[in-house]
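J.: Supplied in structure tokens, the structure appears directly below.
The values are calculated or read from the model by the stated rules, or taken from the named source; none is laboratory data. Everything numeric in this text was worked out from a predicted model, so none of it was measured. Here Cβ is always computed from backbone atoms with ideal geometry, including for glycine, and neighbour counts include all displayed protein chains. Heavy atoms of the whole protein, side chains included, go into the accessibility calculation; ligands, DNA and RNA do not. Shrake-Rupley method; radii C 1.70, N 1.55, O 1.52, S 1.80 Å.
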Amino acid sequence: MFRRVELRNGRSRLAASRISTARAALAKCTLCAHHCRVNRLLNQRGQCGAGPVPRIHLAQVEMADELELIPTFGIALSGCNMRCAFCITGAQSWEPFAGELITPGDLACLAKDALANGARTVTFHGGEPTLHIPFLLETVAELPTDAKLVLKTNALCTATARKLLVGLFDVWCADYKFGNDDCAERLATVQNYTRTVRENLLWAAAHTDLIVRHLLMPGHIDCCWAPVAEWLAANLPGAKVSLRTGFWPAWQSYLHAELRGTINQNELEKAVEIARKFKLNLIE
Amino acid sequence: MQRRQAETDILILPDGRVLAQNITPVMAIVLSQLNPADRQFGLRRAVALRLAKRQAITNRSRTHTHKRTAK
């Protein structure tokens with residue numbers, strides 16, 4: 001069951017009312033944990049490299065997400081604030097100018113068409129969609145109020161971003177990728193990862209329906225999955241956890257010896273055992 | 001926006017495992033035929049078939065409406 005979005009009936013108006021504030025925030029961007037403070041409206045580039053307007057690298061009905069979300073109309077925005085070596089969409093996520101320019105109105109039309117043809121939800125993903133909050137708000141403002149909206153995020157956004165997003169998405173599908181800051185820094189060049197992600201997960205659990213995703217990485221069961229599972233059990237008991245087992249050595253995985261393969265059977269069994277030990281609420 | 005072709009990425013491993021990203025409804029059906037033992041593909045195939053059925057009903061209903069309008 002979806003938790004009802006706050007102000008459901010006024011969602012379009014709520015989104016529209018925040019657009020100018022969100023756009024102004026790009027003048028000194030602190031939407032994510034990097035706090036670059038660059039003026040994106042003048043095309044200054046922070047760590048993500050994103051400008052004022054996003055590009056779309058994929059917009060289609062998809063079935064790979066969690067069962068309670070599919071079929072979903074997935075909208076992939078280019079650009080990301082992480083640099084995960086194993087990124088499956090590295091060429092688009094690391095390059096905010098990949099893909100096509102499309103107006104929020106046109107995108108909303110595609111989404112409405114998909115919904116009319118049986119899509120259950122609309123998912124904004126990336127890259128990282130929270131880099132592009134003005135565009136998200138403009139698009140949400142054009143969508144029907146009864147559409148179920150999903151925000152797929154890496155959970156690195158700030159309180160500034162969350163204030164602009166609160167009440168607009170039925171589900172936050174948030175990644176908790178690394179169980180410690182060393183792996184996060186080595187594989188994704190992100191600092192203070194665990195503190196930031198945990199802050200966002202706790203906030204999301206309190207404000208929306210939350211699904212926590214963890215992609216099992218070869219060689220990272222003990223250092224990443226086990227601590228993630230332990231923290232979830234202690235801090236978000238009963239939270240929906242989606243354990244993704246389909247790692248493949250994409251993009252720059254070859255730079256890291258342990259990421260040159262896929263998850264083996266032993267690792268998979270161990271991961272499931274850890275989930276059982278911590279009584280996690282695994283979803284498919 | 002130019003309508004792009006839908007995309008799916010597939011990786012077939014030497015041990016027979018099939019991994020996929022950006023699975024479209026049609027591809028969900030194909031993947032479950034490729035690897036019938038895979039529970040995840042099977043579950044997604046079921047959803048894809050329900051979607052296809054619903055779309056067929058919707059299209060049939062639209063066709064009937066158009067026919068009535070034409071008369």
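J.: What's the magnitude of the charge dipole for the protein assembly as shown around its Cα centre, counting Lys and Arg as +1 and Asp and Glu as -1 at the beta-carbon? Answer in Debye, nearest 20.
T.: In total the dipole reaches around 1420 debye.
J.: Could you identify which residue out of A:Gly126, A:Gly246, A:Gly179 has the top mean-square fluctuation in a GNM of chain A using Cα springs shorter than 10 Å?
T.: A:Gly246
J.: Could you work out how far the C-alpha centroid of segment A:83-117 sits from that of segment A:122-183, in angstrom?
T.: Using only Cα atoms, the two centres lie 13 Å from each other.
J.: Among the residues of segment A:247-269, which ones have their accessible area go down by 40 Å² or more when all the protein chains sit together, as opposed to their chain alone (1.4 Å probe)?
T.: SASA drop of 40 Å² or more in segment A:247-269: A:Trp248, A:Thr262.
J.: Counting only protein heavy atoms, what percent of the accessible surface of segment B:9-66 is carbon or sulfur at a 1.4 Å probe? Please report the intermediate quantities before stating the final value.
T.: Working: 2120 of 3630 Å².
The computed percentage sits at 58.
J.: Carbon and sulfur atoms: what percent of the 1.4 Å accessible area of segment A:84-206 do they account for?
T.: C and S atoms contribute 50 percent here.
J.: At R0 = 35 Å, how high is the FRET efficiency between B:Arg50 and A:Glu100 if r is their beta carbon distance? Nearest 0.05 is fine.
T.: 0.70
J.: Next up: Could you report the buried accessible area between B and A, both sides summed, computed with a 1.4 Å probe and given in Å² to the nearest 100?
T.: Looking at B and A, the buried total is near 2500 Å².
J.: Are any of the pairs A:Lys112/A:Lys163; A:Lys148/A:Lys277; A:Lys240/A:Lys277; A:Lys112/A:Lys177 more than 22 Å apart by Cα-Cα distance, and if so, which?
T.: From A:Lys112/A:Lys163; A:Lys148/A:Lys277; A:Lys240/A:Lys277; A:Lys112/A:Lys177, over 22 Å: A:Lys112/A:Lys163; A:Lys148/A:Lys277; A:Lys112/A:Lys177.
J.: Excluding ligands and nucleic acids, what accessible area in Å² is computed for A:Leu41 using a 1.4 Å probe, to the nearest 10?
T.: Approximately 80 Å² for this residue.
J.: Moving to a separate point now. Between segment A:7-63 and segment A:214-256, what's the alpha-carbon centroid distance in Å?
T.: Comparing the Cα centres of segment A:7-63 and segment A:214-256, I get a distance of 28 Å.
J.: Pull up the cross-link candidates among the aspartates and glutamates for B:Lys53, meaning alpha carbon to alpha carbon under 20 Å and not fewer than 8 places away within one chain.
T.: Answer for B:Lys53, where 20 Å is the Cα cut-off: A:Glu62, A:Glu68, A:Asp113, listed by chain and number.
J.: Would you please state the base-10 log of I(q)/I(0) at q = 0.08, 0.15 1/Å for the protein assembly as shown, with intensities from the Debye formula using one equal scatterer on every alpha carbon?
T.: -0.38, -1.43
J.: Where only protein heavy atoms count, and the probe is 1.4 Å, what is the accessible area per residue for chain A in Å²?
T.: Solvent-accessible surface per residue comes out at 39 Å².
J.: Taking the Cβ of A:Lys240 as the centre, find all other residues whose Cβ is under 10 Å away and add up their charges (Lys, Arg: +1; Asp, Glu: -1).
T.: Result for the local shell: -2.
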